[in-house]
């Protein structure tokens, strides 16, 4: 494999580990846990893995372990640092016994079901240390939900002598990991299942998980691009840049990028919902900022938009909820695409029909027809940035006729998504991910299953990080998916009473009026700690 000079130099970087993981460990157990919601339902569904304690690793005595093999799966969308989770697990498993082997299942959970795998050798692992992407074994979105899949999985796990399976993924993937752990525990198959928290969206976090891996790198990558645009914006002084960012279910990326870059406007989906804002309210809010800056001769600016914004506008959210229910029915699924539109219009409420008819045709079609594998609207396909800028232009034209606006409104549009998913991990993510993987090997060695690998206290130097595990059932509740109630890990939304949002809210009026841009520049790997090793602004504010 041909490598760049940066890759060659980066391969030599040795990620830092928490002090507790530098030698043999012992698991200190806390109190029994319960799920965040729907306790009775979750307990009934997971009788073998419910109520387990949170554990924390401390220095312990060396124990001799018989050789064992481990399997690993990359599930869902890519996030920077995945290769370091694998290298941390590889090194951790080998440190327990050099005879241990690590097998990677090809292209996600489907590789387990279809028996497609490869052994991860020392030579192969060394090619991927501290690199971005998931290309060592690939990723996939096959959902592990059916008994037939579980049984096909156990066949290959037994054939390869695999004692434990580590699933690296987001909330859906870790929910599947929990279901698999419960099934294998109930059947007494003797296979452990461990999860790792991955998603650049940042919505897999709670009291135990400070952040999901990849979020730091993705936000720094996007912030570099936004900073570059803002420098250009401030140089040409003739465009408003509407920038859509990853974040379907939560606005963590948009908020973090706003904290790093100080744009004129950043919309937070959770606030739009809490304030019961209409689409026109959002457009008016942007247009007012444009008008204020134009009055001072500044016909330029930047607007950050989370990709899931449209789903958080209450009227549209109600419409989508009813559309999801209607389109999940067998009657609707047997119709052609054009017929579905007519079917939808005759089956939704009068209130929702008014909202549906008020939307641009292209947006209405996307809401009604385009669904992801979970039955949800594919909001990333809706060009919200263009929708908002077009509606702002109409409103400004109206204000101009009324003498309320004097200025020029030129626009540029951007969507930053794939640009951040496979970036070479920052020092923070390189260390954090390696620690998550190494820690997973200790969960396996301690006989745990149905746990997620967690590393906490990550605003401190890495030596002071706290390693341990959290029962996945602790994070679960029941939610409607494809028309049915299912157990899922609860998503973490931006907390409007949390320190990061409060800090942003205290500054945004100034940023809206003034040109207060910050230009973060590219990720740095070598240099002063305050430049190279800092976590996100979100984490720093949360742990002040």
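The values are calculated or read from the model by the stated rules, or taken from the named source; none is laboratory data. For clarity, every value in this text was computed on a predicted model and none was experimentally measured. Here the Cβ positions follow ideal geometry from the backbone for every residue, glycine too, while neighbour counts run over all protein chains shown.
When you go through 107, 180 one by one, which is the residue that is crowded, with 23+ Cβ neighbours inside 10 Å, touching a residue at least 12 places away in the same chain (Cβ under 8 Å) and within 24 Å of residue 77 (Cα to Cα)? Show your work before the answer.
Working: 107 fails: crowded, with 23+ Cβ neighbours inside 10 Å.
Result of the check over 107, 180: 180.
Condition check ((1) outside any strand (DSSP E or B); (2) touching a residue at least 40 places away in the same chain (Cβ under 8 Å); (3) at negative phi; (4) assigned by TED's automatic domain parsing to the domain that holds residue 454) across all residues:
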| site | (1), (2), (3), (4) |
| --- | --- |
| 27 | no, yes, yes, yes |
| 36 | yes, yes, yes, yes |
| 44 | yes, no, yes, yes |
| 48 | yes, yes, yes, yes |
| 52 | yes, yes, yes, yes |
| 71 | no, yes, yes, yes |
| 80 | yes, yes, yes, yes |
| 89 | yes, yes, yes, yes |
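You will find that of 167, 136, 154, 120, the residue that is touching a helix residue (DSSP H, G or I) at 6+ places or on another chain (Cβ under 9 Å), in contact (Cβ under 8 Å) with a residue 24 or more places away in the chain and closer than 17 Å to residue 100 by Cα is 120 and no other.
Wholly within region 238-355, which helices (runs of 4 or more DSSP H) include no fewer than the required count, namely at least 2 residues that are within 20 Å of the chain's Cα centre (by Cα)?
Values: elements: 252-261, 269-274, 279-295, 309-312, 314-327, 330-333, 337-347.
Passing ranges, in order: 252-261, 269-274, 309-312.
For region 436-544, which helices (runs of 4 or more DSSP H) that fit wholly inside it have 1 or more residues that are crowded, with 19+ Cβ neighbours inside 10 Å and in contact with a helix residue (DSSP H, G or I) (Cβ under 7 Å, 6 or more places away or on another chain)? Talk me through it step by step, then tell me what you get.
Details: elements: 499-513, 529-532, 537-542.
So the answer is 499-513, 537-542.
Only one of the numbered conditions (1) closer than 20 Å to residue 250 by Cβ; (2) surrounded by 22 or more Cβ atoms within 10 Å (Cβ to Cβ) is not met by residue 287, and that is (1). Applying the criterion of at least 3 residues that are in the same structural domain as residue 83 (by TED's automatic domain parsing), over 30 Å from residue 423 (Cβ atoms) and out of contact with any strand residue (DSSP E or B) (no Cβ under 6 Å at 6 or more places or on another chain) to the helices (runs of 4 or more DSSP H) found wholly in region 95-207 leaves 147-159, 171-186.
Of the residues 68, 90, 57, which single one is within 25 Å of the chain's Cα centre (by Cα), more than 25 Å from residue 491 (Cβ to Cβ) and at pLDDT 95 or above?
Only one candidate passes the filter, namely 90.
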